[in-house]
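Below is one structure, written out as structure tokens, with a few remarks after it.
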Amino acid sequence: MKASESLRLAWFFARLGVKERVAPRLHVRPLVAELFLTENCNLRCISCNCWRENTQQELTTDEWKSVLRQLAALRIYKANFTGGEPLIRPDAIELLGYAHGQGVEHLHLNTNGIRLTPSVTSDVLDAGVRSFNISVDGPTGLVHDRIRGRLGAFDTTMTHLRHLIEFREQYDLKVRMNFTVMQANVEYLPKIAKLAQELQVRLYLNLATDSTFLFRADEVGEQKKVENAQLEQALAELEDVLREDSRWLPRYSDLRYMRGHFSDLLQKDLPCAESQLKLMIHSRGEIGGCWGHDPKANIRVTPIADLIDSEPYRDEHEKLFRKDCVGCGSNYSLNLRWRPSSYAQDLLWKAGRRSLAKG
Ligand SMILES: C[S@@+](CC[C@H](N)C(=O)[O-])C[C@H]1O[C@@H](n2cnc3c(N)ncnc32)[C@H](O)[C@@H]1O
Ligand code: SF4
Ligand code: SF4
């Protein structure tokens, strides 16, 4: 990371510190854009609502290009391309390349990996993407395919993930494996940790929720009901793996947060930096809000610069920061990362003075 970028990030978090303690109405502009290129999908995950509806009238290529020009003009630091499944859009590569051409320096892609064939991988890398989250919801085809609703999904995704990893050094790639912890796979936490270590990719644990706009469905509500005894058992085993070798795995403080998530979705003592960092742009142009709160504006009507400096946006973001919200647990790891106390917890854990069993 360049020194100027580190400074920008440090300034952003310093301002959040001021917002938390001294000036709750301080306006902190978002640095990262979360772009839901499409809310449709080629899989049928039991934890997700995207595939249950056919979202129509999504932004056209030209409309997305206008969004990307506006984001570049606002000096957005990073664009996350996600969905739904972003790679099902025929113009996905074109839009990635366009973002890069406009000067959005950091491009990130969230994908289920199904369409990330060697040829698409090469196009995506040429377009300038250097950071990837690939979703793997189980350590075997049996678990992953059942959750993802398609036989053979695990084999395809793993083949594509292994191929992507081959380019890691050449392009200095950041590749993460995203595992969404839910009722159907909680017991496989230790095994997915081992798989991440075998592949040498960082493991990120998403925490199942049905409050995020993409996941609001009854069946998803079932998946967020993770039994305490099962969770404790999986965490105890995961902690053993972590004590043996912590490389590529989540930090102790992340796991501690995860344990709380299934009984206390809000965990209100931890402010939501995620809602301040990210500007959400949905596939039909709705803009603003956060993962759990729907936007009220639309880029088809309001230019992005006007929206993020408007009073309603600032009012809403004041509330979201202090978690006057429905709660969702999205990117809890970021929320923890700027808290010195989380590093203290990790150090105590390393010294053997904390454990997931003892709290
Ligand atoms: C909505 S998907 C979009 C990108 C792509 N389709 C994929 O699956 O990676 C983004 C992430 O959300 C995760 N996810 C799915 N259902 C979830 C839920 N109910 N709660 C939290 N995260 C969930 C997915 O596993 C994935 O890692
Ligand atoms: S989690 Fe991703 S792959 Fe699964 S249905 Fe949702 S958008 Fe599609
Ligand atoms: S925790 Fe609350 S404020 Fe943060 S993204 Fe989720 S719903 Fe929004």
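Is one or more of the residues making up region 334-351 farther than 30 Å from GLU237 by Cβ and either surrounded by fewer than 21 Cβ atoms within 10 Å (Cβ to Cβ) or within 16 Å of ligand 3 (Cβ to nearest atom) (or both)? No, because not a single residue in region 334-351 is farther than 30 Å from GLU237 by Cβ and either surrounded by fewer than 21 Cβ atoms within 10 Å (Cβ to Cβ) or within 16 Å of ligand 3 (Cβ to nearest atom) (or both).
Selection of first residues in region 214-225 that are under 14 Å from ARG52 (Cβ atoms) and of second residues that are away from ligand 2 (no atom under 11 Å from the Cβ) and among the aromatic types (Phe, Trp, Tyr), restricted to Cβ pairs under 9 Å at least 6 apart or on distinct chains, gives the following pairs, ordered by first then second residue: LEU214/TRP291. Filtered by the rule that a residue be over 13 Å from TYR77 (Cα atoms), in contact (Cβ under 8 Å) with a residue 24 or more places away in the chain and not in a loop (DSSP other than H, G, I, E, B), region 18-34 gives LYS19, GLU20.
When you go through LEU205, LEU266 one by one, which is the residue that is at pLDDT 95 or above, within 16 Å of ligand 2 (Cβ to nearest atom) and out of contact with any Cys (no Cβ under 6 Å at 6 or more places or on another chain)? Being at pLDDT 95 or above, within 16 Å of ligand 2 (Cβ to nearest atom) and out of contact with any Cys (no Cβ under 6 Å at 6 or more places or on another chain) holds for just one of LEU205, LEU266, which is LEU205. Look at region 258-271: where a residue is under 18 Å from LEU320 (Cα atoms) and a partner is of a type in the set (A, V, I, L, M) and not in a loop (DSSP other than H, G, I, E, B), sitting 6+ places away or on another chain with Cβ atoms under 9 Å, you get HIS261/VAL181; HIS261/LEU207; LEU265/LEU207; LEU270/LEU336; PRO271/LEU16. Pairs linking a residue in region 187-206 that is within 21 Å of HIS163 (Cβ to Cβ) to a residue that is acidic (Asp, Glu) and buried (at least 17 other Cβ atoms within 10 Å of the Cβ), with Cβ atoms under 9 Å and 6 or more positions apart or on different chains, are ILE192/ASP137; TYR204/ASP254.
Can you work out which of the residues in region 94-116 that are β-branched (Val, Ile, Thr) and within 16 Å of ligand 1 (Cβ to nearest atom) is surrounded by the fewest Cβ atoms within 10 Å (Cβ to Cβ)? Going through the qualifying residues, I end up with ILE114. Considering the conditions (1) more than 14 Å from ligand 2 (Cβ to nearest atom); (2) polar (S, T, N, Q); (3) in contact (Cβ under 8 Å) with a residue 12 or more places away in the chain, THR159 is excluded by exactly one of them, (3).
Yes/no matrix, rows are residues, columns are (1) outside any helix (DSSP H, G or I); (2) surrounded by 20 or more Cβ atoms within 10 Å (Cβ to Cβ); (3) within 14 Å of ligand 1 (Cβ to nearest atom); (4) not acidic (Asp, Glu):
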| site | (1), (2), (3), (4) |
| --- | --- |
| LEU214 | no, yes, yes, yes |
| GLU232 | no, no, no, no |
| GLU237 | no, no, no, no |
| ARG243 | no, no, no, yes |
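Within region 303-319, does at least one residue satisfy the condition of being within 16 Å of the chain's Cα centre (by Cα) and closer than 19 Å to GLU34 by Cα? Within region 303-319, none of the residues are within 16 Å of the chain's Cα centre (by Cα) and closer than 19 Å to GLU34 by Cα. When you scan region 290-313, how many residues do you find that are in contact with a Phe, Trp or Tyr (Cβ under 8 Å, 6 or more places away or on another chain) and within 17 Å of CYS328 (Cβ to Cβ)? Adding up the residues that qualify gives 3.
Out of region 245-265, which residues are of a type in the set (Asp, Glu) and part of a loop (DSSP other than H, G, I, E, B)? Of everything in region 245-265, those that are of a type in the set (Asp, Glu) and part of a loop (DSSP other than H, G, I, E, B) turn out to be ASP245, ASP264.
For the subset of region 1-20 comprising residues that are modelled with pLDDT under 95 and among the charged types (D, E, K, R), which member is surrounded by the fewest Cβ atoms within 10 Å (Cβ to Cβ)? Residue satisfying both the conditions and the ranking: LYS2.
The condition of being modelled with pLDDT under 95 and either assigned to a strand (DSSP E or B) or of a type outside the set (Phe, Trp, Tyr) (or both) does not hold for GLU198. For region 162-183, residues that are touching a helix residue (DSSP H, G or I) at 6+ places or on another chain (Cβ under 7 Å) and buried (at least 20 other Cβ atoms within 10 Å of the Cβ) total 5. Close Cβ contacts (under 6 Å, 6 or more residues apart or on different chains) running from residues in region 324-342 that are touching a residue at least 40 places away in the same chain (Cβ under 8 Å) to residues that are within 16 Å of ligand 2 (Cβ to nearest atom) comprise VAL326/SER211; CYS328/THR209; CYS328/SER211; CYS328/THR212; CYS328/TRP291; GLY329/LEU207; GLY329/THR209; SER330/TRP291. For region 55-84, taking the residues that are closer than 20 Å to ILE308 by Cβ and small (Gly, Ala, Ser), the one that is nearest to ligand 1 (Cβ to nearest atom) is identified as ALA79. Look at region 38-52: where a residue is among the basic types (Lys, Arg) and a partner is in a loop (DSSP other than H, G, I, E, B), sitting 6+ places away or on another chain with Cβ atoms under 8 Å, you get ARG44/GLY149; ARG44/ARG150; ARG52/ALA217. When region 216-230 is limited to residues that are crowded, with 20+ Cβ neighbours inside 10 Å and more than 16 Å from ligand 3 (Cβ to nearest atom), the one that is nearest to SER355 (Cα to Cα) turns out to be VAL226.
The values are calculated or read from the model by the stated rules, or taken from the named source; none is laboratory data. The structure displayed is predicted, hence computed values, not measured ones. Note that we place each Cβ from the backbone using ideal geometry, even for glycine, and neighbour counts take in every protein chain shown.
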